[in-house]
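To start, the structure under review is shown below, and the notes come after it.
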Amino acid sequence: DINLSNTKTTLNNDQYQVLLGSFLGDGYIDYQDKLKKVGRLNISHSEKQKNYLEWKAKSFNSLASLSQESCKKTINGSTCNIQNQFSFTSKLFVLEETVTLKSIEKLDLLGLAVWVMDDGSLRNSYSKDDIKFSITIDSNSFSLEENNYLVSIIKNNIPLKQNLSCFQSNNSTVVCCN
């Protein structure tokens, strides 16, 4: 859109990592053109993660706002409590390439941290001699093959000093650090 040409920005590396982590997690990219080179990042989180969402929004020079107030809904005959929902949509940005699973090869520690904050949970197991921490990332929207690919990217890209092992289990990616 010629009228939007002055609003497009190029992402810096930190913004790109937030984009990748969010793409794997709770965000989605709304492409504004047929070539999928100009996009906006859209993310929603509950009120419990409002500060985290505001941090993401600020990294894109955007603001988070209330997008859905809490309410009670009936779904299939059951009453559900819906929490306040907050969201942000970034300003337009230009991408060098369409973001796909292949793009995740550029994932670094910041991108992994965002993905873990979106879809991860910490598990601790204690034995007599050591403490083992594992992070399970609920990556069940990916196939077994895609999860194995994600595990290989984490193993190759993330420079952790701890003993790092990654594996795919029940359509979740598990990262273990001893």
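The values are calculated or read from the model by the stated rules, or taken from the named source; none is laboratory data. Since the structure is predicted, the reported quantities are computational estimates derived from the model, not experimental observations. Here the Cβ is made from the backbone with ideal geometry for all residues, glycine too, and neighbour counts use every protein chain on show. When the accessible area is computed, the model is the full protein with side chains, heavy atoms only, and any ligands, DNA or RNA have been set aside. Shrake-Rupley method; radii C 1.70, N 1.55, O 1.52, S 1.80 Å.
Between the amide H of LEU95 and those of VAL38, GLY39, distances stay under 5 Å, these residues lying 5 or more places away or on another chain, with hydrogens modeled in the peptide plane. Shown is the FRET efficiency for LYS36 and GLU105, computed with R0 = 22 Å from the Cβ-Cβ distance and rounded to the nearest 0.05: 0.80. For the range 16-28, backbone phi angles converted through the Karplus equation (6.51, -1.76, 1.60; θ = phi - 60°) give residue-by-residue couplings of 5, 5, 4, 4, 4, x, 6, 4, 6, x, 9, x, 8 Hz, Gly and Pro being listed as x.
If R0 is taken as 25 Å, the Cβ-Cβ distance between TYR52 and THR9 corresponds to a FRET efficiency of 0.65. Given a 1.4 Å probe and the protein chains as shown, TYR28 ends up with an accessible area of around 130 Å².
Please find the FRET efficiency linking SER78 to LEU122, where r is the Cβ-Cβ separation and R0 is fixed at 35 Å, and quote it to the nearest 0.05. Working shown, then result.
Numbers: r = 30 Å, r/R0 = 0.87.
With R0 = 35 Å, the Cβ-Cβ based efficiency is 0.70.
Couplings for the range 46-57, taken from phi via the Karplus curve 6.51 cos²θ - 1.76 cosθ + 1.60 with θ = phi - 60°, read 6, 4, 4, 10, 4, 4, 5, 4, 5, 4, 4, 4 Hz in order; Gly and Pro are left as x.
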